[in-house]
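The structure appears below as C-alpha coordinates.
The values are calculated or read from the model by the stated rules, or taken from the named source; none is laboratory data. This one's a predicted model, so the numbers in the text were calculated from it and none came from an experiment. Virtual Cβ from ideal backbone geometry, glycine too; neighbours counted across all protein chains shown. Remember, those area values only see protein heavy atoms, side chains included, never the ligands or the DNA or RNA. Shrake-Rupley method; radii C 1.70, N 1.55, O 1.52, S 1.80 Å.
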Amino acid sequence: MNSFQTLAQTRRSTRKFTDEKVTEQQLETLLQTVLMSPASKSSNPWEFVVVQNPETIQQLATSKPAGAALLKTAPLAIVVCADPQKSDVWVEDCSIASIYLQLAAEDLGLGSCWVQIRKREHESGELAADYIKRVLQIPEHIEIESIIAIGNMVERRKEFDVSKASVEKIHQEKF
Ligand SMILES: Cc1cc2nc3c(=O)[nH]c(=O)nc-3n(C[C@H](O)[C@H](O)[C@H](O)COP(=O)(O)O)c2cc1C
(Lines give C-alpha, C1' and ligand atoms only; values in the text may rest on other atoms or scores of the structure.)
Protein backbone atom coordinates (compact mmCIF):
# COMPACT_ATOMS: atom_id res chain seq x y z
CA MET A 1 0.00 0.00 0.00
CA ASN A 2 1.33 3.43 -0.93
CA SER A 3 1.79 6.00 1.76
CA PHE A 4 0.17 9.30 0.86
CA GLN A 5 3.54 11.05 0.47
CA THR A 6 4.75 8.42 -1.99
CA LEU A 7 1.52 8.81 -3.92
CA ALA A 8 1.96 12.60 -4.06
CA GLN A 9 5.57 12.22 -5.16
CA THR A 10 4.98 9.68 -7.92
CA ARG A 11 1.82 11.21 -9.42
CA ARG A 12 2.77 13.10 -12.57
CA SER A 13 0.45 14.15 -15.37
CA THR A 14 0.10 11.44 -18.01
CA ARG A 15 -0.67 12.63 -21.53
CA LYS A 16 -0.11 9.40 -23.48
CA PHE A 17 -2.07 6.27 -22.71
CA THR A 18 -1.81 2.68 -23.96
CA ASP A 19 -4.70 0.89 -25.71
CA GLU A 20 -5.44 -1.06 -22.53
CA LYS A 21 -8.87 -0.36 -21.02
CA VAL A 22 -9.49 0.68 -17.44
CA THR A 23 -11.05 -2.41 -15.85
CA GLU A 24 -14.55 -2.38 -14.38
CA GLN A 25 -13.08 -2.96 -10.95
CA GLN A 26 -10.67 -0.03 -11.34
CA LEU A 27 -13.54 2.17 -12.51
CA GLU A 28 -15.64 1.12 -9.54
CA THR A 29 -12.80 2.02 -7.16
CA LEU A 30 -12.35 5.41 -8.85
CA LEU A 31 -16.05 6.20 -8.56
CA GLN A 32 -16.34 4.98 -4.97
CA THR A 33 -13.37 7.18 -4.06
CA VAL A 34 -14.58 10.32 -5.79
CA LEU A 35 -17.92 10.07 -4.01
CA MET A 36 -15.99 10.31 -0.71
CA SER A 37 -14.60 13.75 -1.66
CA PRO A 38 -15.32 16.31 1.02
CA ALA A 39 -17.57 19.18 -0.02
CA SER A 40 -18.51 22.39 1.75
CA LYS A 41 -21.48 21.87 4.10
CA SER A 42 -21.71 18.33 2.66
CA SER A 43 -23.68 19.89 -0.16
CA ASN A 44 -22.09 17.50 -2.68
CA PRO A 45 -22.95 19.75 -5.64
CA TRP A 46 -20.89 17.67 -8.08
CA GLU A 47 -21.99 15.36 -10.87
CA PHE A 48 -19.65 13.05 -12.80
CA VAL A 49 -20.07 12.00 -16.41
CA VAL A 50 -18.11 8.81 -17.12
CA VAL A 51 -17.17 8.61 -20.79
CA GLN A 52 -15.61 5.50 -22.34
CA ASN A 53 -17.06 5.66 -25.85
CA PRO A 54 -13.98 6.34 -28.04
CA GLU A 55 -15.92 8.58 -30.46
CA THR A 56 -17.23 10.73 -27.64
CA ILE A 57 -13.75 10.96 -26.14
CA GLN A 58 -12.46 12.22 -29.52
CA GLN A 59 -15.12 14.94 -29.38
CA LEU A 60 -13.98 15.91 -25.87
CA ALA A 61 -10.37 16.09 -27.12
CA THR A 62 -11.35 19.14 -29.22
CA SER A 63 -13.01 20.97 -26.33
CA LYS A 64 -10.33 23.66 -26.49
CA PRO A 65 -7.49 24.41 -28.94
CA ALA A 66 -4.66 23.63 -26.49
CA GLY A 67 -4.39 21.27 -23.57
CA ALA A 68 -7.25 18.85 -24.38
CA ALA A 69 -5.72 16.81 -27.22
CA LEU A 70 -4.19 14.45 -24.66
CA LEU A 71 -7.68 12.95 -24.33
CA LYS A 72 -7.21 11.36 -27.78
CA THR A 73 -5.49 8.26 -26.38
CA ALA A 74 -7.37 8.10 -23.06
CA PRO A 75 -9.70 5.11 -22.63
CA LEU A 76 -11.60 6.92 -19.88
CA ALA A 77 -12.62 10.53 -19.34
CA ILE A 78 -14.52 11.69 -16.29
CA VAL A 79 -16.20 15.08 -16.63
CA VAL A 80 -16.42 16.83 -13.28
CA CYS A 81 -19.30 19.27 -13.14
CA ALA A 82 -21.66 20.74 -10.57
CA ASP A 83 -24.92 22.47 -9.91
CA PRO A 84 -23.85 25.97 -8.75
CA GLN A 85 -27.23 26.43 -7.07
CA LYS A 86 -26.26 23.73 -4.59
CA SER A 87 -23.04 25.42 -3.47
CA ASP A 88 -21.43 28.84 -3.84
CA VAL A 89 -18.05 27.07 -3.61
CA TRP A 90 -18.71 24.43 -6.26
CA VAL A 91 -15.33 25.26 -7.89
CA GLU A 92 -13.50 24.17 -4.75
CA ASP A 93 -15.73 21.10 -4.36
CA CYS A 94 -15.10 20.09 -7.98
CA SER A 95 -11.37 20.74 -7.67
CA ILE A 96 -11.13 18.47 -4.66
CA ALA A 97 -13.10 15.77 -6.47
CA SER A 98 -10.81 16.13 -9.49
CA ILE A 99 -7.63 15.64 -7.48
CA TYR A 100 -9.23 12.74 -5.58
CA LEU A 101 -9.75 11.08 -8.97
CA GLN A 102 -6.13 11.72 -9.95
CA LEU A 103 -4.76 10.35 -6.68
CA ALA A 104 -7.09 7.33 -6.78
CA ALA A 105 -5.87 6.64 -10.33
CA GLU A 106 -2.25 6.85 -9.17
CA ASP A 107 -3.01 4.47 -6.30
CA LEU A 108 -4.36 1.98 -8.88
CA GLY A 109 -1.17 2.35 -10.96
CA LEU A 110 -3.05 4.36 -13.61
CA GLY A 111 -1.99 7.65 -15.15
CA SER A 112 -4.19 10.73 -15.32
CA CYS A 113 -4.28 14.35 -16.41
CA TRP A 114 -6.53 17.26 -15.50
CA VAL A 115 -8.03 19.08 -18.51
CA GLN A 116 -9.20 22.52 -17.43
CA ILE A 117 -12.64 23.44 -18.80
CA ARG A 118 -13.98 26.24 -16.59
CA LYS A 119 -13.10 29.62 -18.12
CA ARG A 120 -11.69 28.00 -21.29
CA GLU A 121 -12.95 28.51 -24.86
CA HIS A 122 -13.64 26.14 -27.74
CA GLU A 123 -11.91 27.06 -31.03
CA SER A 124 -15.24 28.47 -32.27
CA GLY A 125 -15.12 31.10 -29.54
CA GLU A 126 -17.96 29.60 -27.52
CA LEU A 127 -17.20 28.39 -24.01
CA ALA A 128 -15.59 24.94 -23.90
CA ALA A 129 -18.23 24.09 -21.28
CA ASP A 130 -21.08 24.94 -23.68
CA TYR A 131 -19.54 22.73 -26.38
CA ILE A 132 -19.23 19.83 -23.89
CA LYS A 133 -22.78 20.36 -22.60
CA ARG A 134 -24.02 19.81 -26.16
CA VAL A 135 -21.84 16.72 -26.73
CA LEU A 136 -22.84 15.07 -23.43
CA GLN A 137 -26.39 16.42 -23.06
CA ILE A 138 -25.50 18.11 -19.78
CA PRO A 139 -28.30 20.46 -18.60
CA GLU A 140 -27.73 24.17 -19.19
CA HIS A 141 -27.63 25.12 -15.47
CA ILE A 142 -24.74 22.71 -14.72
CA GLU A 143 -21.20 24.18 -14.70
CA ILE A 144 -18.16 22.17 -15.81
CA GLU A 145 -14.85 22.36 -13.96
CA SER A 146 -12.60 19.74 -15.55
CA ILE A 147 -12.23 16.55 -17.49
CA ILE A 148 -9.96 13.98 -15.86
CA ALA A 149 -8.30 11.73 -18.45
CA ILE A 150 -7.40 8.32 -17.04
CA GLY A 151 -5.68 5.25 -18.45
CA ASN A 152 -2.58 3.11 -18.43
CA MET A 153 0.64 5.07 -18.85
CA VAL A 154 2.81 4.52 -21.92
CA GLU A 155 5.74 5.25 -19.64
CA ARG A 156 6.06 6.32 -16.06
CA ARG A 157 7.52 9.81 -15.68
CA LYS A 158 10.20 10.67 -13.15
CA GLU A 159 8.79 11.29 -9.70
CA PHE A 160 8.69 14.78 -8.20
CA ASP A 161 12.19 15.87 -7.16
CA VAL A 162 11.73 16.81 -3.50
CA SER A 163 15.03 18.75 -3.53
CA LYS A 164 13.40 21.15 -6.04
CA ALA A 165 10.35 21.87 -3.89
CA SER A 166 9.56 25.61 -3.65
CA VAL A 167 10.42 25.93 0.02
CA GLU A 168 10.27 29.74 -0.28
CA LYS A 169 6.48 29.39 -0.54
CA ILE A 170 6.32 28.38 3.10
CA HIS A 171 6.02 31.25 5.57
CA GLN A 172 6.39 30.79 9.29
CA GLU A 173 4.00 32.62 11.59
CA LYS A 174 3.75 35.73 9.34
CA PHE A 175 3.95 36.11 5.52
C1 LIG B 1 -6.21 23.31 -12.26
C2 LIG B 1 -5.35 22.54 -13.24
C3 LIG B 1 -5.61 22.66 -14.59
C4 LIG B 1 -4.86 21.93 -15.51
N5 LIG B 1 -5.18 21.98 -16.83
C6 LIG B 1 -4.49 21.24 -17.72
C7 LIG B 1 -4.89 21.20 -19.09
O8 LIG B 1 -5.87 21.80 -19.50
N9 LIG B 1 -4.15 20.45 -19.94
C10 LIG B 1 -3.03 19.75 -19.51
O11 LIG B 1 -2.40 19.10 -20.36
N12 LIG B 1 -2.65 19.75 -18.22
C13 LIG B 1 -3.35 20.46 -17.32
N14 LIG B 1 -3.02 20.43 -15.99
C15 LIG B 1 -1.84 19.65 -15.54
C16 LIG B 1 -0.70 20.58 -15.10
O17 LIG B 1 -0.10 21.15 -16.24
C18 LIG B 1 0.31 19.75 -14.28
O19 LIG B 1 -0.33 19.20 -13.16
C20 LIG B 1 1.50 20.59 -13.81
O21 LIG B 1 2.25 21.02 -14.92
C22 LIG B 1 2.42 19.80 -12.88
O23 LIG B 1 2.91 18.63 -13.54
P24 LIG B 1 2.64 17.18 -12.97
O25 LIG B 1 1.15 17.01 -12.81
O26 LIG B 1 3.23 16.24 -13.98
O27 LIG B 1 3.35 17.06 -11.64
C28 LIG B 1 -3.77 21.12 -15.06
C29 LIG B 1 -3.54 20.99 -13.68
C30 LIG B 1 -4.32 21.68 -12.79
C31 LIG B 1 -4.07 21.49 -11.31
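The table below gives the values:
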read-out	value
Label-point separation, E28 to V167 (7 Å along Cα→Cβ), nm	4.6 nm
Rounded to 5, percent antiparallel among DSSP beta bridges of the chain	95 percent
Region 1-74: trypsin sites (Lys or Arg not before Pro) falling in loop per DSSP and having at most 15 other Cβ within 10 Å	K16, K21
For region 34-82, fraction of C-alpha pairs farther apart than 16 Å, in %	48 percent
Semi-axes of the equivalent ellipsoid for region 1-136, Cα gyration tensor, largest first, Å	23, 21, 13
Alpha carbon convex hull of region 79-168, projected area averaged over orientations, nm²	8.5 nm²
Dipole magnitude of the chain about its Cα centre (Cβ charges: Lys, Arg +1; Asp, Glu -1), debye to nearest 20	520 debye
Alpha-carbon centroid distance for the pair region 136-175 / region 1-66, whole angstrom	12 Å
Estimated distance in nm for a label pair at L35 and F4, the labels positioned 7 Å out from Cα along Cα-to-Cβ	2.3 nm
Selected from L7, V22, T33, residue furthest toward positive end of dipole (region 1-56; charges at beta carbon)	L7
Flagged links, alpha-carbon separation over 31 Å, of K41/K164; K16/K119; K64/K158	K41/K164
Span-rule helices in the chain, defined as complete DSSP H runs reaching 27 Å or more along the axis (Cα) with Kyte mean at least 0.5	none
Percentage, to the nearest whole number, of Cα pairs in region 1-81 over 16 Å apart	65 percent
Within region 68-175, GluC sites (Glu not before Pro) in DSSP loop having at most 14 other beta-carbon neighbours inside 10 Å	E123, E126, E140, E155, E159, E173
FRET efficiency, S42 to R157 (Cβ-Cβ, R0 35 Å, nearest 0.05)	0.45
By accessible area with a 1.4 Å probe, ligands and nucleic acids excluded, highest first: order of D83, D19, D130	D19, D130, D83
Computed magnitude of the charge dipole of region 42-144 (debye, nearest 20; Cβ of K, R +1, Cβ of D, E -1)	240 debye
Cα principal axis extents for region 41-114, largest first, Å	37, 28, 21
Calculated FRET efficiency for the pair T56/K16, C-beta based, R₀ 22 Å, to 0.05	0.65
Partners for K86 among aspartates and glutamates (Cα-Cα distance below 16 Å; same-chain residues under 8 apart left out)	E47, E140, E143, E145
Accessible carbon and sulfur surface of the chain relative to its total accessible area, %, 1.4 Å	50 percent
